[in-house]
Amino acid sequence: MQDDNRLGDYLRARRKLVTPEDVGLPVRGMRRVAGLRREEVAMLAGISAEYYLRLEQGRDRNPSVQVLEALARVLRLDDTALAYLLQLVAPRPRARARRPRRQTVPPATAQLLATIGLPAFAADKYFTVLATNPAATALTPNVRVGENRLRSLFLDPAEQELHLDWAATVRECVAAFRRRLGSDADDPRAVQLVGELSLASDVFRQEWARHDVRPMRGQPVRMKHPLVGELSLGMSKLDVDGTDGMVLVVYHPEPGTEDADRLALLTSLAAAPATREVTAAAEA
């Protein structure tokens, strides 16, 4: 992550994920490289092999938009990945050194969490939980203030068992994390988190090396909860206005389904201790 040849790293990673069959090239004999060769990418993009080699090696860092669009077509990048590719070569203003400041959840968002009646939490751009409600903690115990969702998903076996589609879930999370960071991949907090997860998890290291980028998006999730059994829920992710990348995550069931009944039961179980505490305090 600290290497400043981000463009070369990205091109190299994406080239390895495209096969000759994907782009209509014949395959003859044994191939010693994964994906496409540099010469094949250059030919399909309409540039010289020497120029493409300079791009991967970081010796040319100012390709034109037309060249990047041609490479994106060859590497089968979607619009989000193309935007990320263009961002990698955009000039960045020199940032002043400043101490990281802890984000605070806007009062309106905190009020929504307290009254929404569904599992929900707010997280920063590093996927660290900033605020949550009892229903979210009942659904996923690791959703508590200060915990990082990537760290929980990759390093906690109990969290992994909870997600029936864990492999797909973590792939989406890593791609969304890289997209949220954008060209700020050398952010000290991000460097520390990626380094920790790369050392502790082979899966994370492999997923991070793919350089996938995808926007934060809502998606169905399937869980196997120890109290109420299997749940299929929608998960919506909403940007919080006026913040630096804060997102509100809400889990919601299809109305009138068994999933809705099971989630309602789980939510009532989570609310019961809080109700007992309020009653005891009033009696005292």
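Quick one: if you stick a label point 7 Å off each Cα along the C-beta vector at ILE116 and ALA49, how many nm between them? Each label point lies 7 Å from its Cα, and together they span 5.4 nm. Between [x] 28, 23, 18; [y] 40, 33, 16; [z] 42, 22, 15, which entry matches semi-axes √(5λ) of the Cα gyration tensor in Å as derived from the coordinates of this structure? Label [z] holds the value from this structure. One chain, two ends: ARG37 and ARG217. Fully extended at 0.36 nm per residue, the span grows by 61.5 nm beyond their Cα-Cα distance. At an R0 of 51 angstrom, the distance between the Cβ atoms of GLU196 and ARG61 translates into a FRET efficiency of 0.95. Among LEU71, LEU269, the sequence by solvent-accessible area, most first, with a 1.4 Å probe is LEU269, LEU71. Within straight-line reach of LYS125, meaning a Cα separation under 16 Å, sit the following aspartates and glutamates at least 8 residues removed in sequence or on another chain: GLU147, GLU172, ASP184, ASP186, ASP187, ASP239, ASP241, ASP244. In this label model, ALA90 and GLN206 are separated by 3.3 nm, measuring between points 7 Å along each Cα→Cβ vector. Annotation for region 144-175 versus region 197-213: alpha-carbon center distance of 13 Å. Between the amide H of THR132 and those of ALA122, distances stay under 5 Å, these residues lying 5 or more places away or on another chain, with hydrogens modeled in the peptide plane.
What the phi angles of region 105-116 give under the Karplus curve with 6.51, -1.76 and 1.60, with θ = phi - 60°, is a coupling list of 6, x, x, 5, 5, 4, 5, 4, 4, 6, 10, 5 Hz, glycine and proline written as x.
Estimated from the Cβ-Cβ distance and a Förster radius of 22 angstrom, the FRET efficiency linking ASP79 and MET235 is about 0.50. Dividing the mean sequence gap of close Cα pairs (under 8 Å, 6+ apart) by how many residues the chain holds gives a relative contact order of 16 percent.
How far, in nm, would the chain grow between LEU25 and ALA13 when pulled straight, counting 0.36 nm per residue and subtracting the alpha carbon separation? Please list the in-between numbers first.
On the way: separation 12, 0.36 × 12 = 4.32 nm, distance 1.94 nm.
Working it through step by step, the gained length comes to 2.4 nm.
Ordered from largest to smallest accessible area (heavy atoms of protein chains, 1.4 Å probe), the residues LEU139, LEU53 come out as LEU53, LEU139. Measuring only protein heavy atoms, the 1.4 Å probe finds ASP4 accessible over about 100 Å².
For LYS224, the aspartates and glutamates whose Cα falls under 18 Å of its own Cα, not counting residues fewer than eight places away in the same chain, are ASP156, GLU159, GLU161, ASP165, GLU254, GLU258, ASP259, ASP261.
The values are calculated or read from the model by the stated rules, or taken from the named source; none is laboratory data. In this text the structure is predicted, and so the values were computed from the model without any measurement. FYI the Cβ positions are ideal-geometry reconstructions off the backbone, even for glycines, and counts take in every protein chain you see. What goes into the accessible areas is simple: the full protein's heavy atoms, side chains included, and nothing from ligands, DNA or RNA. Shrake-Rupley method; radii C 1.70, N 1.55, O 1.52, S 1.80 Å.
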